[in-house]
Amino acid sequence: VELIESGGGLVQAGASLKLSCTASGGTFSRSNLAWFRQAPGKDREFVCGIHWTGISDSYADSVKGRFSMSTNAEKTTMYLQMVGLKLEDTAVYYCASDVAWPVRGVQDVGSWGQGTQVTVSS
């Protein structure tokens, strides 16, 4: 299944943005899902993840209370709702599927989206 991302852009600090990631040619089915991000000059880091059952999720401390991950009922699209964006949220955001649970890092990811740029300005 190919992951196709959309929704990135340039926003001001404090704004909201919603990213989407669609499974092209299939569904996420029983796949654990996650979002990662990579800022310039930094390693790719875990942002949030959700177990395929929907009964368990995990968020990085830096985004707790501001970011929320979800999927549609058909399990064809995952979303990352971001509110109260900060300058330090600027990064390329990647969706991920076939993720081991619990998620520890990039080594736990089976498939990646192509990435979408989110830039937060002051």
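A few remarks follow.
- Taking the charge dipole of the chain about its Cα centre, with +1 at Lys and Arg Cβ atoms and -1 at Asp and Glu Cβ atoms, the residue from P102, S68, F28 reaching farthest to the positive side is S68.
- Rounded to 5, percent antiparallel among DSSP beta bridges of the chain: 90
- For the chain, with all protein chains in place and a probe radius of 1.4 Å, 48% of the accessible heavy-atom surface sits on carbon or sulfur.
- If R0 equals 41 Å, the separation of the Cβ atoms of S122 and I4 corresponds to a calculated FRET efficiency of about 0.85.
- Computed packing ranks the peptides 92-101, 15-24 as 92-101, 15-24, most packed first, by mean other Cβ atoms within 10 Å.
- Working from Cα pairs under 8 Å separated by at least six residues, relative contact order for the chain is 35 percent.
- Of G105, G65, G84, the one that fluctuates the most in a GNM where the chain has Cα springs shorter than 10 Å: G65
- Full extension of the segment from E88 to Q107, taken as 0.36 nm per residue of separation minus the current Cα-Cα distance, would add 4.5 nm.
- Each of T27 and D43 was given a label point 7 Å from its Cα along the Cα-to-Cβ line. The distance between the two points is 3.6 nm.
The values are calculated or read from the model by the stated rules, or taken from the named source; none is laboratory data. Just so it is clear, the structure is predicted and the values come from calculations on it, not from any experiment. Note that each Cβ is placed from the backbone with ideal geometry, even for glycine, and that neighbours are counted across all protein chains shown. With ligands, DNA and RNA removed, areas are computed over all heavy atoms of the protein, side chains included. Shrake-Rupley method; radii C 1.70, N 1.55, O 1.52, S 1.80 Å.
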